[in-house]
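J.: Structure below; questions to follow.
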Amino acid sequence: MNKFIFLDRDGTLNIDEGYTYKTKDLKFFPGVFKALNLLKKNFKFIIITNQSGIGRGYYTERDFNKFNNRLVNELKKQKIKIEKTYYCPHAPEKNCDCRKPNIKFIKEAEKEFDVDLKESFVIGDHPHDIGLGKNANTKTIYLLSGHGKKHFKELKIKPDYISDSLLEAIKFINQKKEKIKTKKEIEKIAKGLKKKNKKIVTCNGCFDILHPGHMYFLEQSKKQGDILVVGLNSDSSVKENKGPKRPINNERARAAVLSSLDMVDYVVIFDEKTPIKLLEAIKPDVHCNGEEYGYDCIEAPTVKKYGGKIHLIRNFGGFSTTKLIKGV
Ligand SMILES: [Mg+2]
Ligand SMILES: [Zn+2]
């Protein structure tokens, strides 16, 4: 599946003085080329634009196409590919089904391209862009460039993010990578990573109250490969291992803290007493463990079965959550 950014055009990519259609008026906002070039690694681009100027008789469909082809070509010169432009040529009073926030065009795109809507974005400078994204179940970013400031008070649906420019929006788009995955999701991700020859490292634990020992353990684990997947014992699994008074922090809180760390790429909560089922799903190249568990730790047979190896990490500074709680 492909992640898409559904871009509004006027006021988002190019400066819009209102019903822009003359090629001589084509001016891109500063930072648009840079932004799209940074995003193209992870996203494909489609333009969806309301062109009521056609329906109102201000310019023709031919004028629109001429302007739009120029815009798409200028982007192409910057090595940015627009997969397709969808436009609604109708005046609002026609009540057509293609004018944003109607989702007809996104539904068409979904059929033509393999779109992962949940991981895709609609970005635009008008409340109907946000409406479009909400109706289609994508994430949404409202731009204050173009008409965004003027229409801000009409915004009835809360966008996922509000940004001054497309370039500034990247910060949000990139940080939005959700690191907490289910076992099924990570199995698929791991397969994809292997195809790209990425070295997958796993480790696991309760990570109840994070201390410098954990940080050292995670840093060292990450160093063993490209992608670090942390198996996190669920609340019931912690209880089973450490007794009824644990964990102090619930699994969502523990997963959130872990996923905020740069060295952690993914977090998967697992219910079993051991991470063996999870390791069966991931088939890591390296599984890291505290040195006290030894090379013949319970995970070893599973990891070795798929050609992986065990890496042991020394217990840095003698920290442990259990000791922290007891105050010793
Ligand atoms: Mg616009
Ligand atoms: Zn229409």
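J.: Taking Ile180 and the conditions (1) closer than 30 Å to Phe270 by Cβ; (2) free of Cβ contacts under 8 Å to residues at least 24 places away in the same chain, which numbered condition does it fall short on, given that it satisfies the others?
T.: For Ile180, the exception is condition (2).
J.: Check segment 199-206 and report whether any residue there is assigned to a loop (DSSP other than H, G, I, E, B), at pLDDT 95 or above, assigned by TED's automatic domain parsing to the domain that holds Tyr293 and in contact with an Asp or Glu (Cβ under 9 Å, 6 or more places away or on another chain).
T.: Looking through segment 199-206, at least one residue is assigned to a loop (DSSP other than H, G, I, E, B), at pLDDT 95 or above, assigned by TED's automatic domain parsing to the domain that holds Tyr293 and in contact with an Asp or Glu (Cβ under 9 Å, 6 or more places away or on another chain).
J.: Moving on to the next point. Return the pair list, or none, for Cβ contacts closer than 7 Å from residues in segment 47-72 that are touching a residue at least 12 places away in the same chain (Cβ under 8 Å) to residues that are within 16 Å of ligand 2 (Cβ to nearest atom) and among the acidic types (Asp, Glu), at least 6 apart or on different chains.
T.: Short answer, once both residue conditions are applied: Ile48/Asp8; Thr49/Asp8; Thr49/Asp10; Ile54/Glu61.
J.: Within segment 83-93, does at least one residue satisfy the condition of being in contact with a Leu (Cβ under 9 Å, 6 or more places away or on another chain), part of a helix (DSSP H, G or I) and not β-branched (Val, Ile, Thr)?
T.: Taking segment 83-93 as the starting set, the residues that turn out to be in contact with a Leu (Cβ under 9 Å, 6 or more places away or on another chain) are 85.
Narrowing the set further to residues that are part of a helix (DSSP H, G or I) leaves none.
No, every residue in segment 83-93 fails to be in contact with a Leu (Cβ under 9 Å, 6 or more places away or on another chain), part of a helix (DSSP H, G or I) and not β-branched (Val, Ile, Thr).
J.: Go through (1) acidic (Asp, Glu); (2) open to solvent by less than 10 Å² (accessible area, probe 1.4 Å); (3) more than 13 Å from Leu7 (Cα to Cα) for Asp129 and report which single condition fails.
T.: Result: Asp129 passes all but (3).
J.: Same structure again: May I ask you to list the residues in segment 276-308 that are in contact (Cβ under 8 Å) with a residue 12 or more places away in the chain, charged (D, E, K, R) and more than 16 Å from Ala190 (Cα to Cα)?
T.: Answer for segment 276-308, where residues must be in contact (Cβ under 8 Å) with a residue 12 or more places away in the chain, charged (D, E, K, R) and more than 16 Å from Ala190 (Cα to Cα): Glu291, Glu292, Glu299.
J.: Something else about it: How many residues does segment 148-198 hold that are part of a loop (DSSP other than H, G, I, E, B) and either in contact with a helix residue (DSSP H, G or I) (Cβ under 6 Å, 6 or more places away or on another chain) or within 18 Å of Glu119 (Cα to Cα) (or both)? Walk me through how you get there before you give the answer.
T.: So the first thing to find is which residues in segment 148-198 are part of a loop (DSSP other than H, G, I, E, B), and the list is 155-160, 164-165, 176-179, 182, 196-198.
The next check asks that each one be either in contact with a helix residue (DSSP H, G or I) (Cβ under 6 Å, 6 or more places away or on another chain) or within 18 Å of Glu119 (Cα to Cα) (or both); those that pass are 155, 157-160, 176-179, 182.
Residues meeting the conditions: 10.
J.: Still on this structure, I have one more. Given the options Asn102, Asn95, name the one that is open to solvent by less than 80 Å² (accessible area, probe 1.4 Å) and among the polar types (S, T, N, Q).
T.: Details: Asn95 fails: open to solvent by less than 80 Å² (accessible area, probe 1.4 Å).
Among Asn102, Asn95, only Asn102 is open to solvent by less than 80 Å² (accessible area, probe 1.4 Å) and among the polar types (S, T, N, Q).
J.: Additional query: Consider Leu75 carefully, then state whether it is touching a helix residue (DSSP H, G or I) at 6+ places or on another chain (Cβ under 8 Å) and of a type in the set (A, V, I, L, M, F, W, C). Please lay out each step first, then the result.
T.: Working: touching a helix residue (DSSP H, G or I) at 6+ places or on another chain (Cβ under 8 Å): yes; of a type in the set (A, V, I, L, M, F, W, C): yes.
Yes.
Residue-by-condition table, conditions (1) under 17 Å from the mean Cα position of the chain (by Cα); (2) closer than 21 Å to Val32 by Cβ:
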position	(1), (2)
Phe121	yes, yes
Asn135	no, no
Lys149	no, yes
Pro159	yes, yes
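J.: Something else: Just to check your reading of the model, which residue among Lys107, Lys27, Lys100 is within 16 Å of ligand 1 (Cβ to nearest atom), charged (D, E, K, R) and either out of contact with any helix residue (DSSP H, G or I) (no Cβ under 7 Å at 6 or more places or on another chain) or free of Cβ contacts under 8 Å to residues at least 40 places away in the same chain (or both)?
T.: Just a single option satisfies the conditions, and that option is Lys27.
J.: Going by what's in this entry, would Ile82 be described as crowded, with 19+ Cβ neighbours inside 10 Å, of a type outside the set (Ser, Thr, Tyr) and within 22 Å of His147 (Cα to Cα)?
T.: Details: crowded, with 19+ Cβ neighbours inside 10 Å: yes; of a type outside the set (Ser, Thr, Tyr): yes; within 22 Å of His147 (Cα to Cα): no.
Spelling it out, it is not the case that Ile82 is crowded, with 19+ Cβ neighbours inside 10 Å, of a type outside the set (Ser, Thr, Tyr) and within 22 Å of His147 (Cα to Cα).
J.: For residues that are of a type in the set (Lys, Arg) and surrounded by fewer than 21 Cβ atoms within 10 Å (Cβ to Cβ), scanning just segment 1-24, find the one that is nearest to ligand 1 (Cβ to nearest atom). It would help to see each step written out before you state the result.
T.: Narrowing segment 1-24 to residues of a type in the set (Lys, Arg): 3, 9, 22, 24.
Next, from what is left, pick out any that are surrounded by fewer than 21 Cβ atoms within 10 Å (Cβ to Cβ): 3, 22, 24.
On the way: Lys3: 22, Lys22: 17, Lys24: 20 Å.
Among residues in segment 1-24 that are of a type in the set (Lys, Arg) and surrounded by fewer than 21 Cβ atoms within 10 Å (Cβ to Cβ), the one nearest to ligand 1 (Cβ to nearest atom) is Lys22.
J.: Criterion first (crowded, with 17+ Cβ neighbours inside 10 Å and modelled with pLDDT of 90 or more) does Ile173 satisfy it? Don't jump to the end; show me each part of the working.
T.: Numbers: crowded, with 17+ Cβ neighbours inside 10 Å: yes; modelled with pLDDT of 90 or more: no.
No: the conditions fail for Ile173.
J.: Any chance you could count how many residues in segment 227-275 are crowded, with 17+ Cβ neighbours inside 10 Å, without any contact (Cβ under 8 Å) to a residue 40 or more places away in the chain and part of a helix (DSSP H, G or I)?
T.: Residues meeting the conditions: 4.
J.: Right, next: I'd like the residue in segment 33-60 that is touching a Ser or Thr at 6+ places or on another chain (Cβ under 8 Å) and assigned to a helix (DSSP H, G or I) and, out of all such residues, is nearest to Asn95 (Cα to Cα).
T.: By that ranking, first place goes to Ile54.
The values are calculated or read from the model by the stated rules, or taken from the named source; none is laboratory data. Since this is a predicted model, take the numbers as computed values, not measurements. Neighbour counts are summed over all protein chains in view; Cβ atoms, including those assigned to glycine, are modelled from backbone coordinates with ideal geometry. Quick note on the areas: whole protein, heavy atoms, side chains included, nothing else; ligands and nucleic acids left out. Shrake-Rupley method; radii C 1.70, N 1.55, O 1.52, S 1.80 Å.
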